[in-house]
Amino acid sequence: MAIKDLPVEECYIPGCAACPGCPATMALRVVYKALGRNTVKIIPACCTAVIESLHPHTSFDIPTMNIAFEAAAAGASGVEAGFRMQGKTDITVVAWAGDGGTYDIGIQALSGALERNTNFIYICYNNEIYSNTGIQRSGATPYGAWTTTTVTGKTEFRKEMGEIIQAHHIPYAAQTCIAYPEDLFKKLQKAKSIHGPKYVEIMAPCPPGWRFPMEKTVEMGTMAVETGAWALYEVENDKVTFNGRSKLILEGKIERKPIEDWIKYQGRFRHLFKPKKDIKRIKAIEDHIDQMWERYRKCYQ
Amino acid sequence: MSEVMIDTGNYIAAKAAVLCKPDVVAAYPITPQTTLVEGIAKYLATGEYKGEYICVESEHSAMAACIGASATGVRTFTGTSSHGLLLMHEMLHWASLARLPVIMCNINRVVGPGWNIWADENDSISQRDTGWIQFYCSSNQEIFDTVIQSFKLGEHEKISLPVMISYNAFILSHTSMPVYLTDQKDVDAFLPKRKPKWKLDPDNPITFGNIILPAEYEKVRFDMQKSHEYAKKLIPEISKEWKQRFGRYHGDLLEFYKCDGADYILLSMGAIGAESKVAVDNLRKEGLKVGLARVRCFRPFPREEIQKLSKKAGLIVIDRNISPGMEGALFTEVKASLYGYTDAKVYGFIAGLGGKDVPFGDIEKMCKKVVNSKAKHLEWFGLKGV
Ligand SMILES: Cc1ncc(C[n+]2csc(CCOP(=O)(O)OP(=O)(O)O)c2C)c(N)n1
Ligand code: SF4
């Protein structure tokens, strides 16, 4: 499948207020194409709550309800139950949240909805920060990255949401990236076809948050995968399959690129290169990724 | 003659809720609410309750789930108490601003620390400004009737607001009383099908709750205020209809008891409201002209009716809550209602905090203090050792 094979119909209509080069917008277009019009979306506080346009206008042509920051998954449980009681079981219920609303404040409600077997797709677009509030650290922010609350670089590593999700043993979970729209499309279509709770996380490089030029969003996404900082995989009933580049990395068929190739283009890591190269911290990032892949190989190969 | 059920406030509330056939119930335990959701779980097991029963992982999620379900156009119910209600706070605002008529029982319980599970109204009083309609019940029969009436009220197209039915911990939640039930077919005839103000519907895609500018937001608040004002008219109509259909009546926004010719009128809520009736009977026997206006509905607040009362009598207010740095909330509201209307005397008592018992004898003492001109403007009744 190629991009040109994606459905032409757009549910993302004009009026969007996102920054140029916004990964959330890019992802949403594909999400809508994959899920179709018979979809209802719940969004908590995040950038999307801004980019959806001002009341009484909207840039979404599918029904959308905003909900509180930590409440997307619980709200989705209610929406799904409400539709089921009306016999409307063909509607796809989607919660769409940022990494802050997923890794941090919303993790309880998310875990609850997965455990309760809510029949919905939870999508996290992971831009590795709280960007709505102006670039603060989240549990998904990588070690060493500048944010307005980690001024000299974050001192902790991000949590492995994928592993936390897998501990719920849901029927379908996947990691994908905005740079691979076909991968995103296929994973969402698969998620749609499966009953029960589904989790899809999308790596979403954010130009203002990561400090790179707006035309580089896709490239930043590609490099996240090629350096192994982010892995493309899916988990169906506990069976893990790596996809694309990530599969080749896992199988040792290609080397992952050095992390420097990715972070040196992002202003959020500038202090690791200027005024002097911070070899220790760059190595710490590299080592952490190595450990991650070692773990992946041990568990999934 | 209708069937009588002898049971606790919580089981009675569960029965009433199930008779209203909510499509979705969200359940999370907290003492002293737990037996309410357990009661519904039993009805689910027997098949008497046929809706969805979502066992959420917190009260915040309970309200979020009710909001989500209600947004699809269906009927929703939940229950909570004290810390659970406080955890919901954000979502209480969300439900009312989204104009979703979630119906909820709140069992009035002390807020910690320290941990204390007895009756105290600070939990729901501190949710006063969330936009919810708030009832306070004083008997299990009133709980039963008010739960059913609340669905009609909250879901009315000119209201579209969530309703909280509060009743005191243990004194009502865990005390068995005989209650006349209403048959399923009669509840069905009384409750119309919900016609939602808006809903999530793929055939009519709308975006709800996105960014709204000040001038538009102000209208949302104004509309909410209008609905609260309208509820002041509708509550008496619903009470009247209930009385005509089933012969039971607990008052409108206020319940008046022996107010004719009274020199002083007592205003109280919840279980103290029930106890106040006994106190009034005894005081009347002693020749003291005291009546009772029990506050059933705290939001919307019965301002106009209280103004009328103040023309005839001095007012005595008992609060089982305190707004630290000020006074009891009911006391404040009563006085605010009278401003510029009368200069009637109003006396306030704080009583029963932390679940302390407030028997009718104490209420009589409070009233006598006022009648005998020994009362201060505000007193913490029976406070010792400070
Ligand atoms: C309870 C609560 N706390 C804080 C906020 C403020 N807030 C709104 S969005 C946001 C960050 C969202 O971050 P994320 O989920 O990563 O989404 P993004 O903004 O990156 O799209 C915060 C902190 C809020 N709306 N509600
Ligand atoms: S800050 Fe980032 S995620 Fe948010 S709208 Fe801008 S580009 Fe998109």
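One line per residue, one yes/no per condition, for (1) in a strand (DSSP E or B); (2) closer than 24 Å to B:Glu3 by Cα; (3) open to solvent by 10 Å² or more (accessible area, probe 1.4 Å); (4) in contact (Cβ under 8 Å) with a residue 24 or more places away in the chain:
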residue: B:Gly114; (1), (2), (3), (4): no, no, yes, no
residue: B:Asp123; (1), (2), (3), (4): no, no, no, yes
residue: B:Asp145; (1), (2), (3), (4): no, yes, no, yes
residue: B:Ile148; (1), (2), (3), (4): no, yes, no, yes
residue: B:Leu172; (1), (2), (3), (4): no, yes, no, yes
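Count of region A:146-172 residues, restricted to those that are within 18 Å of A:Leu232 (Cα to Cα) and within 16 Å of ligand 2 (Cβ to nearest atom), is 0.
Taking the numbered list (1) within 11 Å of ligand 1 (Cβ to nearest atom); (2) among the polar types (S, T, N, Q); (3) at pLDDT below 95 in turn, A:Asn66 passes all entries but (3).
Just to be sure before I move on: is B:Thr72 within 19 Å of B:Val147 (Cβ to Cβ), crowded, with 23+ Cβ neighbours inside 10 Å and of a type in the set (Ser, Thr, Tyr) in the structure I sent? So B:Thr72 does not fit the description; no. Considering only residues that are away from ligand 1 (no atom under 16 Å from the Cβ), touching a Lys or Arg at 6+ places or on another chain (Cβ under 7 Å) and within 22 Å of A:Ser111 (Cα to Cα), which ones fall in region A:174-217? A:Ala174, A:Thr176, A:Ala191 - these are the residues of region A:174-217 that are away from ligand 1 (no atom under 16 Å from the Cβ), touching a Lys or Arg at 6+ places or on another chain (Cβ under 7 Å) and within 22 Å of A:Ser111 (Cα to Cα).
For A:Thr152, are the conditions met, namely being of a type in the set (Val, Ile, Thr), assigned to a loop (DSSP other than H, G, I, E, B), open to solvent by 20 Å² or more (accessible area, probe 1.4 Å) and touching a residue at least 60 places away in the same chain (Cβ under 8 Å)? Criteria met by A:Thr152.
Looking at region A:46-62, is at least one residue at pLDDT 95 or above, in contact with a Phe, Trp or Tyr (Cβ under 7 Å, 6 or more places away or on another chain) and more than 7 Å from chain B (Cβ to nearest Cβ)? Yes, region A:46-62 has at least one match.
Residue by residue, here is whether (1) closer than 20 Å to B:Gly209 by Cα; (2) touching a Ser or Thr at 6+ places or on another chain (Cβ under 8 Å); (3) more than 16 Å from ligand 2 (Cβ to nearest atom) holds:
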site	(1), (2), (3)
A:Ala73	yes, yes, yes
A:Ala76	yes, yes, yes
A:Asp99	no, yes, no
A:Ala113	no, yes, yes
A:Arg116	no, yes, yes
A:Asn127	no, no, no
A:Asn132	yes, no, no
A:Ile135	no, yes, no
A:Gly144	no, no, yes
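The set of residues from region A:219-240 being touching a Phe, Trp or Tyr at 6+ places or on another chain (Cβ under 6 Å), assigned to a helix (DSSP H, G or I) and open to solvent by 40 Å² or more (accessible area, probe 1.4 Å) is empty.
Looking across region A:251-277 at every residue that is farther than 23 Å from A:Pro207 by Cβ and touching a residue at least 12 places away in the same chain (Cβ under 8 Å), the one that is most open to solvent (accessible area, probe 1.4 Å) is identified as A:Glu251.
If B:Thr207 satisfies all but one of (1) surrounded by fewer than 19 Cβ atoms within 10 Å (Cβ to Cβ); (2) within 14 Å of chain A (Cβ to nearest Cβ), what's the number of the condition it fails? Only one criterion in (1) surrounded by fewer than 19 Cβ atoms within 10 Å (Cβ to Cβ); (2) within 14 Å of chain A (Cβ to nearest Cβ) is unmet by B:Thr207, namely (1). The number of residues in region B:51-74 being in a loop (DSSP other than H, G, I, E, B) and either more than 9 Å from chain A (Cβ to nearest Cβ) or within 19 Å of the chain's Cα centre (by Cα) (or both) comes to 0. Scanning region A:241-250 for residues that are open to solvent by less than 60 Å² (accessible area, probe 1.4 Å) and outside any loop (DSSP other than H, G, I, E, B) returns A:Thr241, A:Phe242, A:Gly244, A:Ser246, A:Ile249, A:Leu250.
Every residue, every condition in (1) touching a Ser or Thr at 6+ places or on another chain (Cβ under 7 Å); (2) open to solvent by 50 Å² or more (accessible area, probe 1.4 Å), yes or no:
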{"site": "B:Asn282", "(1), (2)": "no, no"}
{"site": "B:Ser310", "(1), (2)": "yes, no"}
{"site": "B:Tyr339", "(1), (2)": "no, yes"}
{"site": "B:Asp343", "(1), (2)": "no, yes"}
{"site": "B:Gly348", "(1), (2)": "no, no"}
{"site": "B:Asp362", "(1), (2)": "no, no"}
{"site": "B:Lys368", "(1), (2)": "no, yes"}
{"site": "B:Ser373", "(1), (2)": "no, yes"}
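Restricting attention to region A:93-116, does a residue exist that is away from ligand 1 (no atom under 16 Å from the Cβ) and more than 19 Å from B:Glu57 (Cα to Cα)? There is at least one residue in region A:93-116 that is away from ligand 1 (no atom under 16 Å from the Cβ) and more than 19 Å from B:Glu57 (Cα to Cα). Taking region B:209-246 as the range and being among the hydrophobic types (A, V, I, L, M, F, W, C) and on the phi > 0 side of the Ramachandran plot as the test, no residue passes. Taken across region A:48-59, residues that are among the hydrophobic types (A, V, I, L, M, F, W, C) and crowded, with 24+ Cβ neighbours inside 10 Å do not occur at all. Is it true that A:Ile43 is under 26 Å from A:Thr118 (Cα atoms), out of contact with any Leu (no Cβ under 7 Å at 6 or more places or on another chain) and facing chain B (nearest Cβ under 10 Å)? The answer is yes for A:Ile43. The set of residues from region A:71-87 being of a type outside the set (Gly, Ala, Ser) and within 7 Å of chain B (Cβ to nearest Cβ) comprises A:Val79, A:Phe83, A:Arg84, A:Met85, A:Gln86.
The values are calculated or read from the model by the stated rules, or taken from the named source; none is laboratory data. Values in this document were obtained by computation on a predicted structure and should not be read as measured data. For neighbour counting, all protein chains shown are included, and Cβ atoms are generated from backbone atoms with ideal geometry for every residue, glycine included. These accessible areas exclude ligands, DNA and RNA; they are computed on the full protein's heavy atoms, side chains included. Shrake-Rupley method; radii C 1.70, N 1.55, O 1.52, S 1.80 Å.
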